[in-house]
1. (1) in contact with a Leu (Cβ under 8 Å, 6 or more places away or on another chain); (2) among the charged types (D, E, K, R); (3) under 22 Å from Leu271 (Cβ atoms): which one isn't true of Glu345, the others all being true?
2. Does the stretch 388-396 include one or more residues that are in a loop (DSSP other than H, G, I, E, B), open to solvent by 80 Å² or more (accessible area, probe 1.4 Å) and either out of contact with any helix residue (DSSP H, G or I) (no Cβ under 6 Å at 6 or more places or on another chain) or under 24 Å from Thr292 (Cβ atoms) (or both)?
3. Note down all Cβ pairs under 7 Å where the first residue falls in the stretch 215-232 and is of a type in the set (D, E, K, R), the second is surrounded by 23 or more Cβ atoms within 10 Å (Cβ to Cβ) and at pLDDT 95 or above, and they're at least six residues apart or on different chains.
4. Out of the residues in the stretch 27-50 that are of a type outside the set (Asp, Glu) and within 17 Å of Val60 (Cβ to Cβ), which is most open to solvent (accessible area, probe 1.4 Å)?
5. Is it true that some residue in the stretch 59-68 is within 21 Å of Ile79 (Cβ to Cβ), open to solvent by less than 20 Å² (accessible area, probe 1.4 Å) and among the charged types (D, E, K, R)?
6. Just name the residue that is farthest from Asp203 (Cα to Cα) out of those in the stretch 226-235 that are open to solvent by 30 Å² or more (accessible area, probe 1.4 Å) and assigned to a helix (DSSP H, G or I).
7. Is it the case that some residue within the stretch 370-378 is surrounded by 17 or more Cβ atoms within 10 Å (Cβ to Cβ), in contact with a Gly (Cβ under 6 Å, 6 or more places away or on another chain) and under 17 Å from Ala414 (Cα atoms)?
8. Working only within the stretch 169-188, note down all residues that are touching a residue at least 12 places away in the same chain (Cβ under 8 Å) and either hydroxyl-bearing (Ser, Thr, Tyr) or in a loop (DSSP other than H, G, I, E, B) (or both).
Amino acid sequence: MADLSTLGRRIRHFRTAAGLTLEQLGADVGVATSQLSLMENGRREPRLSQLADLAARLGVTVQDLLDESPPDERAGLEIELERAQASPAYRELGLPDLRPTRAMSDETLRTLVGMHRELDRRARQAVATPEEARRANTRQRRRMRERDNYLPEIELLAADAVAAVGHRAGALTHRSVAEMAERLGLTIVHVDDLPHSARSVLDPERGRIYIPPASIPGGHGLRSLALQAMAHVVLEHRPPRDYAEFLSQRLEASYYAAACLMPRDVSVDFLQRAKQERRIAIEDFRDAFGVTHEAAALRFTNLATSHLGIRLHFLRVTGDGAVEKAYENDGLPLPVDVTGSTEGEIVCRHWSAREAFTRTTRTTEYYQYTDTPAGTFFEATQTGAGAPGEYSITLGVPYAESKWFRGRETVQRATSTCPDLSCCRAPDADLATRWGGRAWASARVHTHTFSPLPHGTYPGVDDRELYEFLASHVDD
């Protein structure tokens, strides 16, 4: 059956075609004029007996009245406008409904409907953002693989920036980072009321970088946040036009920060010495520059292939085995979905990235050789824990490259045949027979996978919170 709006307009259409007024039709079928008007406006549902009387008087069938299609283009536009104004997206705007009148031209009506169609398209696009982000992230990972994860143009900018403040070697100090900001006309301000969706806020108009206060003595992660904010100025970034550009800007900003914290020339010298002595270790690289284990591992991926001739892979994996970050140019068969994305996919439980969680002592790196369908890989994994839960950081290389790394003498070895389901995902046949259909597990659902990213100038950042934050700090 047609909805009431369509039904009402079909009644009106056939009444007008028959040359009858509301009063005339109402009198002929025994319905009050006010009631008939409500029916034509889609606000009252006629009884079946009334429909039969109306159809007989108008010279049509009941099926003609109940047809789901609008009687003409004008009626279709009016119905579409009515439905659009009843949508949650329009209600959020707080605007009154605009009822089409006879004096409203078809052109005006088409314009209004076209505007609502565009609003709906943008709303649907926002809901589709997670898939768009995955595809954009996959394209970016492939581009960086082609470049061996190395961006020489950003290396030069970072080298100039740290040289300008007299930094030569070792950990870049907070004082040096502040001096680098000052050279760009910026001041670093620590605040405890950042928008929950933002890690830092850059206010170039007032020359401020807002970052959170240090949660632990030293607050080494804050140097990276400040440097990433500076990168947007150095690299002349503008508000991203789409998600792909946002991801590209984020990658460039992170790369710039890492290249400042671990400058190329001194980093390469450090790593080349370690290679000559056959003792490359991410632990040592990390400690030499006072950064996190993850930052050191990622920085190693920037330099290893271009300057050491080593192909490799990197993984950050959650405690339940899901990939959060990944990079490879050594042929490791990463788990991927139909879009080619690996984020969120589950890695083989025999890989070092998951085997490391089974250790009792986790203060040092875990070393393992892993046999896969693509060959054997040597991997070093460090585990950690944060607010979301456990995670592991893995840096791995093909077997032939293991000779350069500390830990190569390990006797730990595992075999993985993934993506073959029988490797680690299909249950043992006897267990499946014993428990199949006899148990019910409550799945842990990652609810964020169902949510679109907040609307905003910068994907993932709530504009309202951002602007309220900036307004609150204008007079500080």
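1. Here Glu345 meets the rest and fails (3).
2. Taking every residue of the stretch 388-396 in turn, at least one turns out to be in a loop (DSSP other than H, G, I, E, B), open to solvent by 80 Å² or more (accessible area, probe 1.4 Å) and either out of contact with any helix residue (DSSP H, G or I) (no Cβ under 6 Å at 6 or more places or on another chain) or under 24 Å from Thr292 (Cβ atoms) (or both).
3. Arg223/Val177; Arg223/Leu261
4. Leu48
5. no
6. First, pick out the residues of the stretch 226-235 that are open to solvent by 30 Å² or more (accessible area, probe 1.4 Å): 232-235.
Subset that is assigned to a helix (DSSP H, G or I): 232-234.
Values: His232: 11, Val233: 10, Val234: 14 Å.
Filtering first and then ranking leaves Val234.
7. Pass one, the stretch 370-378, residues surrounded by 17 or more Cβ atoms within 10 Å (Cβ to Cβ): 370, 372, 377-378.
The next check asks that each one be in contact with a Gly (Cβ under 6 Å, 6 or more places away or on another chain); those that pass are 377.
Okay, now just the ones that are also under 17 Å from Ala414 (Cα atoms), so 377.
Checking the stretch 370-378: at least one residue is surrounded by 17 or more Cβ atoms within 10 Å (Cβ to Cβ), in contact with a Gly (Cβ under 6 Å, 6 or more places away or on another chain) and under 17 Å from Ala414 (Cα atoms).
8. Ala169, Gly170, Ala171, Leu172, Ser176, Leu184, Gly185, Leu186, Thr187
The values are calculated or read from the model by the stated rules, or taken from the named source; none is laboratory data. Since this is a predicted model, take the numbers as computed values, not measurements. Here the Cβ is made from the backbone with ideal geometry for all residues, glycine too, and neighbour counts use every protein chain on show. With ligands, DNA and RNA removed, areas are computed over all heavy atoms of the protein, side chains included. Shrake-Rupley method; radii C 1.70, N 1.55, O 1.52, S 1.80 Å.
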